[in-house]
Structure formats: structure tokens, C-alpha cells
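First comes the structure, then the notes that go with it.
The values are calculated or read from the model by the stated rules, or taken from the named source; none is laboratory data. All values derive from a computational prediction rather than experimental measurement. Positions of Cβ are generated from backbone atoms using ideal geometry, with glycine treated the same way; all protein chains shown enter the neighbour counts. Each accessible area value is taken on the protein alone, full model and side chains, heavy atoms only, with ligands, DNA and RNA left out. Shrake-Rupley method; radii C 1.70, N 1.55, O 1.52, S 1.80 Å.
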Amino acid sequence: MLPPIHEAILTREERTLSKFGFLSKNSKGRRVEEPPCPIRLPFQRDRDRIIHCKTFRRLTHKTQVFLAPAGDHYRTRLTHALEVSQISRTIGVALGLNEHLIEAIALGHDLGHTPFGHAGESVLNELHPGGFRHYEQSLRVVESLEKKGKGLNLTHEVRDGILHHSKGFQKLLPQDTSKLPETLEGQVVRLSDIIAYVNHDLDDAMRAGILSPNQELGDICKVLGEGNSARISTMVNDLIDGTSRQNDGTLVMSEPILEATTDLRAFLYKNVYRASRVHDDFKKAMKILRELYQFLMEEDIKLPSGEVWGADIQYPADTPRHRKVCDFISGMTDRYALDLYSTLFFPKPWSVV
Ligand code: MG
């Protein structure tokens, strides 16, 4: 028997979601079964577990694009997750999808990101046996690292959405749907991730002076609009409109908007992510993480313990050292990595008493 308030919210969900919305009662559940919460549905509970976990708080000090930014207004990995959540919930509510499931996936999708953004990801991918992908690490955080290694015991649908959110440089709306999240909610987050980052990275690049406000964006702005807010609205409205018209449970964007969004991503790769001013910082960040990795892999070095990064994790006895070092480095904030590097490799001045 379900608690009465829980049951009332469940009934309301059935009344309000569209036929494509994922009903909480159809969840494949958690790895370890738990009694229901008196109030919250399972996806609300997952969202709360993510918000309250330490890894989520560390996103405050992790790079989005601009490293350990001195300016107060640059996006961080945390504000990125909030923007993805806000965009995807807007789309989800308009399409009658499960807003709680969307919110949990959106807030958890980047928990596995390294310090220094994609610079960190490429170093670990190069050094860690088997490579490193942030979306797999996000899943590892919620399954095996948080809560001293016990994990957050999230529902199947949230874990699936986290694992399958990444697109890399793939098509925004691929024909082959086998690698997409199982739920439409997860697919909305996957698309909202790119809607968020192409817009806020463009805005931050102008803030940083990498691009000028008058930068030639070709036809991109003619199609998407002038300014951050207008461009997000264009993409979001187009996706809601196309998907509602088609009404078959697949996400649809019109050809011109899809093409302009894809072009904007390509423009950012060429002019921002690979711009020398950004890339030179990336190279320095990569050197720091490479040297930390090599140092920490030496057997006689004791890995830090205590209330840092989550080093209180109880690992299974047969966990190889490289796995722990990879978890340690990927869990660091930018400032933690910089502090550790200076503690390990910079000489301390003598003090005279
Ligand atoms: Mg993201």
C-alpha cells in the first residue's frame, strides 16, 4: 500500500502526462529496492539525492570552457547543469513529459566531468587503461563513488539518461536510435544539453573577447536570432512545435533550425574551443593533470584521505590503483587540482623565525 500523498501525486501524474510521458509507476526501479517515500515519487527522490551529493557541489568549481575563471559571470559546470535542467523542463512540460525524470537526468548528467573541462577528459582518456568518457564516469559517480562507495541507488531511467546524454560530434537527431536514452525525457535532456552549451559558450566567448559581438556568424544569426535569449527560444520553440505536430513519440526539429544549430556547434569548435587563447590554457591544464596522474600512480605515494573529493570511498579490495587515481583526478575541482599541483611540485620558501 502506497502512502496517501504519494498515491495522490501518482494519480495526478497519470492524469496530466501525455501518452509519450514516462509514468513513474512504469519505472524498472532501483538496484536495491526501497520502501516508497511518503511524499515524493521516485524521480523526485533521485533529483534530491543528486542535489545533496558532494559531487554535485563540486561542479561549482569545475570549468565549462574557460579555465578557473576569474570573472564572476562565466558559466561553470554547475550553472551549465542548471541551464540544461531549465531548458529541458520547459520542453518537457510543453510536451507533457515527466518533468521530475527530466530534472534528475539533467542535474546528474555531467557529474563525471573532470577538472578543466574537456582538457581533463582527453588526458584521462589518454592515460587511463580503457580510456575515459565523462558520461560513463557520471554513471560511476552515482553507482559506485557517492556515499562512500555505496552509490545513490537511483532508478534505472535516470541512470540510463545520464549514460546516454552525450553526443560528441554526432548528429543532433540521429536516424539510429539505439544509442539514445530509452525515455523521451532522456532524449530531451540530451538535446537540451547542446541547446544550452552552444548558446552559453557563445555568450561566454564574447564575454572573454574570444569573439566580438559583431563576429561574422553568417546565416546562423539570421535563422536563430540575435542574442542568447532569442536563439534559445528559437531552438526550444522549434523543437516543441515540430515534435507536437509529428506526435509520434520522436523529437523533431525543422531542417533550417537543425542545420543552423549544427552550424553553430561547428563554428564554436573552430573559433572558440580550438582558438589559440583557449587551447593554450587547455595545454597547460593537460600538463598539470598528466603530471598529477603519473605522480599518483607511483606505488609508494599514499592517496589523500578524509573529506576531500570523496576519498572516503570504500573500494572493493581488488580495485586497481589506476582506477582509484582516475576517480581521484576526475573528481577534483579546478582549484583542488591547482592547489595539489603546487603543493606537490612547487618548493616552499623557508621561513625564518
Ligand atoms: Mg553537459
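Structural remarks
- Signed unit charges on C-beta, dipole axis of the chain, positive-most listed residue His118, Ser229, Asn98: His118
- Estimated 222 nm signal from helices in the chain, with DSSP H stretches of n ≥ 4 weighted -39500 (n - 2.57), rounded to 500: -17000 deg cm²/dmol
- Between Cys37 and Glu182, the modelled labels are 2.1 nm apart [label points 7 Å from Cα along Cα→Cβ].
- Scattering profile of segment 26-106 at q = 0.16, 0.19, 0.25 Å⁻¹ [log10 I(q)/I(0), Debye over alpha-carbon scatterers]: -0.73, -0.91, -1.19
- The chain, accessible surface, carbon-and-sulfur percent (1.4 angstrom probe): 54 percent
- Heavy atoms of His52: accessible area, 1.4 Å probe, square angstrom to 10: 140 Å²
- If you look at the Cα atoms of segment 153-232, you get an Rg and a Dmax of 15.7, 48 Å.
- The three principal axes of the C-alpha atoms in segment 77-134 carry coordinate ranges of 44, 21, 12 Å, sorted with the longest axis first.
- Net charge dipole size for the chain [Lys, Arg +1 and Asp, Glu -1 on Cβ; Debye, nearest 20]: 620 debye
- Solvent exposure, largest accessible area first (probe 1.4 Å, DNA, RNA and ligands not counted), of Asp160, Asp241, Asp219: Asp219, Asp241, Asp160
- Relative contact order, percent, segment 118-258 [alpha-carbon distance under 8 Å, six or more residues apart]: 15 percent
- Rounded, prolate or oblate (a/c below 1.5 giving rounded, otherwise prolate when a/b exceeds b/c) for the chain by Cα gyration tensor: oblate
- Its Cα gyration tensor gives segment 1-152 an equivalent ellipsoid. The semi-axes, each the square root of 5 times an eigenvalue, are 32, 19, 13 Å from largest down.
- C-alpha center-to-center spacing [segment 32-77, segment 223-249] in angstrom: 26 Å
- Chain lengthening between Lys54 and Glu259 when straightened (0.36 nm per residue, less Cα-Cα): 70.0 nm
- The residues of segment 232-301 have, on average, 54 Å² of accessible surface per residue, using a 1.4 Å probe with all protein chains present.
- Value of Rg to Rh for segment 103-172 (Rh from inverse mean 1/r over Cα pairs, i.e. Kirkwood): 0.98
- Projecting the Cα atoms of Ser212, Ser138, Ile329 onto the dipole axis of the chain, where Lys and Arg carry +1 and Asp and Glu carry -1 at the beta carbon, places Ile329 farthest toward the positive end.
- Taking every C-alpha pair closer than 8 Å and separated by at least 6 residues, the mean separation divided by the residue count of segment 222-267 gives a relative contact order of 35 percent.
- Extending 7 Å from the Cα toward the beta-carbon at both Ser233 and Ala94 defines two label points whose distance is 1.1 nm.
- Averaged over its residues, segment 89-212 has an accessible area of 32 Å² per residue, based on protein heavy atoms and a 1.4 Å probe.
- Viscosity 0.890 mPa s, 25 °C: Kirkwood-radius Stokes-Einstein D of segment 103-144 over Cα pairs, µm²/s: 233 µm²/s
- Dipole magnitude of segment 71-151 about its Cα centre (Cβ charges: Lys, Arg +1; Asp, Glu -1), debye to nearest 20: 220 debye
- Whole-number percent relative contact order across the chain, with pairs defined as alpha carbons under 8 Å at least 6 apart: 20 percent
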